[in-house]
Structures are given as structure tokens and as C-alpha cells.
Amino acid sequence: MHVAIIMDGNGRWATRRGLPRTEGHRAGAEAVRRTVEAAPALGIDTLTLYAFSSDNWKRPSLEVRTLMELFRLYLQKESERCAREGVKLSVIGRRDRLETSLRASVDAAESRTANGKKLWLRIAVDYSGRDAISTAFKSPASDAGAAIGPDVDLLIRTGGERRLSDFLLWESAYAELLFTDTFWPDFGGADLAAALTDFRQRDRRFGGLTGLSGVAA
Ligand code: FPP
């Protein structure tokens, strides 16, 4: 089961507490840890997190720098634990605009965790769904899978907005969508479990009819 999450609401979480937005991102990194820890026991084998969209470069440079530093620290600090716990870490999105030190941390984390079988954790950084689709179309057939990942079963967006913001556009063709007002830094294992309970009550028909196995009548 593939769950994808648009982690929104860090800034508002911080502002409501009278804190700088960057503190919201720090708290958001803790929510990432909690969510990754909870995922395997809930039957999730692939988890894709939207950490930084290609449009997020428009944000103030302090915020961008803080986010990049948080990603680097996360990859450095968590990759050993991920390797121990059977979590395979991948970063999706463009790499050419990332700083050399972050690129090195991405490479190291990916190779250190390459054998993980329990959970595939994909972190989207400098990611654009439209770019991923156009890259896949321009690539030789053997490479197309690098830009396009597995189909999403459940797409969650925290923070109250109801849009896809250029995330996994192709892969979400038949995803179930779940929007919650909870700000990302408040999200945790119980919220993920509740989202999966909701998902399991949905009737996924993939364009067919309930109860038919797809055989033409
Ligand atoms: C959206 O909230 C969130 C982001 C653009 C950044 C997400 C980053 C993290 C959760 C931090 C760490 C991530 C990892 C993978 C270690 P927003 O800032 O747009 O919130 P707002 O809508 O309230 O302003």
C-alpha cells in the first residue's frame, strides 16, 4: 500500500504560537519521524512525503536554507536508523539545483539504506509532478520508471487546503484523497491510523462497478 502525504501547515502552526515559520519546519521534521515509525505496522510499504516543491524556491532564502539544512540533517541522522529498521530511503525530484553537501547526503543515505525491505520511504525534494511526467516521456523506455513511481493508494494533505500542488499527478490517477485540517507538526501515528481506517471504508472501483471483477458482462 502506497501512502503519499502533502505535509502542509508548518508555517501556520508556528505563527499561531508566535514562533518563526522555521520553527514550524523543525517541528514538522519530528512529525516525519513519528509518521515513518508508525507506517509499517499500519500495512504501508511505500510512503512518499512532499518536503519541497519546485515552486518552493520562491520562498524567502532563510526559509529555503533552513529547509535544506533540515533535510540534510534528517538524512544524516536518520539513515543509520533507517538501515537498521529495514527502511529504504530514496529522494525524488531534481538533484541538479541542490547544494553539493545535500546531494552527498542523499547519495550516502540512499546507498546506506538500499537493502531495506520493510518500508520504502520516498522524500520529494525540488519535485514537480509535471516535470516528472515530461522527464519520463523524454527518457528511454528503460529509464521512464525513474521519474514515475508506483501508483498512490491514499493521498493525504494536512493543513486544511484541498489541492494537489503538482504532487504525484500521474501516480495519483486513482488515489483516494483525504484532507485534514490538522497542521503537519501535530500529525502522528494516531492520525495516520485514522486516515487508513477511512481509506479502508472506501469503495475503490477504478472506473468499474462495485462487485464486478472487470469481466465484460
Ligand atoms: C508546507 O508547510 C511544508 C513545507 C513546504 C516543508 C515540509 C518540510 C518539513 C515537514 C520539514 C522536514 C522534512 C523532512 C523530510 C525532514 P507550509 O510552510 O507551506 O505551511 P503554511 O501553509 O502554514 O505556511
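The values are calculated or read from the model by the stated rules, or taken from the named source; none is laboratory data. Bear in mind that the values here come from a model prediction, so they are computed numbers and not experimental data. Reconstructed Cβ throughout: ideal geometry from the backbone, glycine too, with neighbour counts over all protein chains shown.
Some observations on this one:
- Among all positions in the stretch 193-206, there is no residue which is in a loop (DSSP other than H, G, I, E, B), surrounded by 13 or more Cβ atoms within 10 Å (Cβ to Cβ) and at pLDDT 95 or above.
- Tabulated pairs, the stretch 1-28, first near the ligand (Cβ under 9 Å from one of its atoms), second in a strand (DSSP E or B), C-beta under 8 angstrom, 6+ apart or interchain: Ile6/Tyr50; Ile6/Leu155; Ile6/Ile156; Ile6/Arg157; Met7/Leu49; Met7/Tyr50; Met7/Ala51; Asp8/Arg157
- Flag for Glu80 being among the charged types (D, E, K, R) and near the ligand (Cβ under 10 Å from one of its atoms): no
- Number of positions in the stretch 6-25 that are under 21 Å from Glu78 (Cα atoms) and in contact with a helix residue (DSSP H, G or I) (Cβ under 7 Å, 6 or more places away or on another chain): 6
- Residue tally, condition touching a residue at least 24 places away in the same chain (Cβ under 8 Å) and either touching a strand residue (DSSP E or B) at 6+ places or on another chain (Cβ under 8 Å) or closer than 26 Å to Gly208 by Cβ (or both), over the stretch 160-182: 16
- Taking the stretch 83-96 as the range and being surrounded by fewer than 20 Cβ atoms within 10 Å (Cβ to Cβ), assigned to a loop (DSSP other than H, G, I, E, B) and either at pLDDT below 95 or within 19 Å of the chain's Cα centre (by Cα) (or both) as the test, the residues that pass are Gly86, Arg94, Arg95.
- Taken over the stretch 130-182, the criterion of being more than 22 Å from Phe206 (Cβ to Cβ), of a type in the set (Asp, Glu) and surrounded by 14 or more Cβ atoms within 10 Å (Cβ to Cβ) is satisfied by Asp131, Asp166.
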